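Take a look at the structure below.
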Amino acid sequence: MYLRTEKVCKYFGGLRAVDQVDFRLKKTQLKSIIGPNGAGKTTLFNLIAGVHRPTGGKVFFEDREITRLPLHRISRMGITKTYQITHVFPSLTVYENVRIAAQSRVTSFNFWDSTHRLGEVNAKSLRILEQVELIEKRNWLASTLSHGERKYLEIGIALATEPKILLLDEPTAGMSCAETNLCAELIQKLNRELGLSILLVEHDMSVVMGISDEVLVLNEGKVLAEGTPRQVSDNAEVQRVYLGER
Amino acid sequence: MERSEGDTRPVRTLLKDVQARPGTTTLWVTMAVLAVLPFVISAPLASEILIWGIFGLGFNLLLGYTGVLSFGHAAYFGLGAYSAGLAFRYWQASIWTGLLLGVASAMLLACVIGALAIRKRGVYFAMISLAFGQMLYFLALSPLKEITRGEDGLTRIPIIHLFSISLNRPRPLYYFIFCITGLMLWLTWRILHSPFGKLLQAFRENEERARACGFNTTLVKFFSLVLSAFYAGLAGALDTVYLGYVPLTTLFWLTSGTMVMMTILGGKGTFLGPLVGAGVFLFLQNTISLLTPRWELFVGAIFVAIILLFPAGILGTIRDRVHAHQMKKLKKAADAA
């Protein structure tokens with residue numbers, strides 16, 4: 001099993017944001033996590049990526065326990081998350097944003113060589129900018145990008161850390177219909193062509209049902225259902241939570 | 001669309017606009033200006049500007065590029081000054097030993113303060129560094145009076161020689177400091193264009209994202225602090241050589257405050273900002289204090305005016321305008337395409 005959690009919990013005071021969640025992600029699988037607002041989706045992401053430490057339970061990646069590792073160690077092991085509210089480096093250029101992430105795999109505290117000598121890092125950054133279709137805007141300051149473009153830059157930064165698992169937190173939030181479809185295509189391409197394992201939190205049901213291999217439904221911090229998109233949308237419990245009692 | 005791994009040629013051509021080899025024109029122009037400075041203003045004033053400029057280059061790495069405000073940099077500056085002064089006075093140390101001791105002691109202190117305070121953020125870090133700074137001030141004032149001479153400052157420092165040239169004459173002293181300034185400017189230039197330099201800026205822009213990219217940001221902050229103490233210690237030791245004694249005020253919080261002011265005045269986060277800030281500050285202070293004993297009043301008013309005109313500091317505001325202009329051009333080009 002590639003990534004799995006064992007009864008993982010996170011309490012904020014009396015609030016049980018994530019409550020004994022067990023789930024697993026197979027290699028090269030694209031799995032979506034859905035659920036109403038406040039179901040604990042983002043918190044679950046933060047527990048896996050190391051932003052928060054779980055109150056209880058364990059997280060395993062490639063059969064090694066990663067429960068208490070700090071964010072930067074988990075990132076180096078190959079799990080990278082993108083942020084729901086974009087977290088880019090606003091006063092650096094688009095290119096520099098991606099290059100910072102790319103250089104993390106090569107060097108940290110090299111204060112002597114000029115960055116233009118990091119040939120492979122720079123080439124990789126440009127390749128990624130092509131993938132996320134920001135190559136034309138490489139010299140723009142990140143703060144001048146549109147919302148949708150920033151979301152793509154988010155993904156670009158995450159890709160530059162060479163992840164094995166990509167955690168995408170609402171990548172299409174705030175995008176127009178056309179933008180959403182393009183973004184879904186991009187995610188599918190990353191999964192199919194690069195073989196990335198992807199964990200996706202998403203509100204747009206057409207995206208989720210269209211591209212996921214499996215879907216996990218959370219409600220009030222607990223797992224409500226898990227299965228293929230078909231199974232989940234036929235599940236009576238899920239329908240009750242999403243559509244109300246009949 | 002996909003570029004193959006070995007093919008670096010087309011990337012090279014693209015790199016020209018993305019990031020060309022950093023030009024060194026700024027460095028050479030600055031050095032040319034500084035070379036003639038003692039013919040425009042008095043050599044002692046010019047020396048003082050360079051000393052505070054070196055201090056500022058390091059402080060700016062921390063405040064301007066890493067985004068960490070230390071309000072206790074007097075501790076590193078003062079400790080550098082005292083270490084060099086004590087070595088000169090009690091051991092008749094050579095200039096190189098004095099400078100080395102100043103730098104080493106300041107960096108060591110930064111390691112200690114860093115280890116204790118580095119996890120604190122924002123204003124908490126500023127306050128803790130202020131507390132450490134004041135602690136050193138009061139230590140030098142009274143418990144260590146026997147060695148530091150307390151309130152009188154450390155006097156009776158012998159004349160320092162550099163290869164048999166005595167450094168109590170203004171011009172030779174200036175050009176000695178000028179050479180060191182050149183080295184420090186070059187070092188800063190290299191740091192800013194290095195992967196670590198970019199990492200500092202990433203830390204300033206978004207610490208959590210930098211961590212999510214796999215960087216140990218606590219260490220980044222720590223190294224940035226120690227690095228800036230390196231500059232401060234060197235500047236402190238040079239100040240001892242320049243003044244011929246060590247005033248107790250080098251350790252006082254006002255020294256830290258002056259540094260913050262100079263950096264903000266010149267433009268934090270710009271390469272030459274601190275040097276310009278130190279120049280403007282000290283020039284105004286010197287000129288106006290000749291005319292009136294109430295010089296603080298006038299200098300203060302001028303600072304307020306400068307900050308109103310240049311909200312991001314003199315060079316900071318100019319840089320922002322240049323950036324805005326470049327962005328406009330890029331947007332126009334994108335619209336045309």
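Any read-out appearing in this document is the output of simple, stated calculations on the displayed coordinates, not a laboratory observation. Since the structure is predicted, the reported quantities are computational estimates derived from the model, not experimental observations. A quick note on method: Cβ atoms are made from the backbone with ideal geometry, for glycine too, and the neighbour counts reach across all protein chains shown.
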Residue order, fewest to most beta carbons within 10 Å, for B:LEU243, B:LEU109, B:LEU251: B:LEU243, B:LEU109, B:LEU251
Dipole-positive endmost among A:PHE23, A:PRO90, A:ASN235 within chain A (Cβ charges, Cα centre): A:PHE23
Average partner coverage of B:242-254, which counts Cβ from other chains inside 10 Å: 0
Helix axis angle, A:94-103 relative to chain A longest principal axis, alpha carbon, degrees: 80
Excluding exposed DSSP-loop GluC sites (Glu not before Pro) (at most 10 other C-beta within 10 Å), longest clean stretch of chain B: B:6-337
Over chain A, volume per residue of the alpha carbon convex hull, in Å³: 132
Fewest-first ranking of B:THR240, B:THR249, using other Cβ atoms within 10 Å as the exposure measure: B:THR249, B:THR240
Cα-based equivalent ellipsoid of the range A:88-162: semi-axis lengths in Å, sorted from largest, via gyration tensor: 20, 12, 11
FRET E, pair B:HIS325, A:LYS27, Förster distance 35 Å, beta-carbon r, rounded to 0.05: 0.10
Selection of trypsin sites (Lys or Arg not before Pro), the range B:230-337, meeting DSSP coil and at most 11 other Cβ within 10 Å: B:ARG294
Positive-pole candidate from B:ILE191, B:GLY257, B:GLY122, dipole of chain B, charges at beta carbon: B:ILE191
Cα Rg over Rh - the range B:215-281, Kirkwood: 1.03
Where Rh is the Kirkwood radius over Cα pairs, Rg/Rh for the protein assembly as shown: 1.06
Chain A, helix-only ellipticity at 222 nm - DSSP H runs n ≥ 4, -39,500 (n - 2.57), divided by all residues, nearest 500: -11000 deg cm²/dmol
Average other protein chain Cβ within 10 Å of Cβ, residues A:138-151: 2
Shielding by other protein chains, A:101-112, mean Cβ within 10 Å: 6
Percent RCO, i.e. relative contact order, over the range A:88-162, from Cα pairs under 8 Å lying at least 6 residues apart: 52
Alpha-carbon centroid distance for the pair the range B:192-230 / the range A:211-243, whole angstrom: 42
Shape call, the range B:153-287: gyration tensor on alpha carbons, a/c limit 1.5: prolate
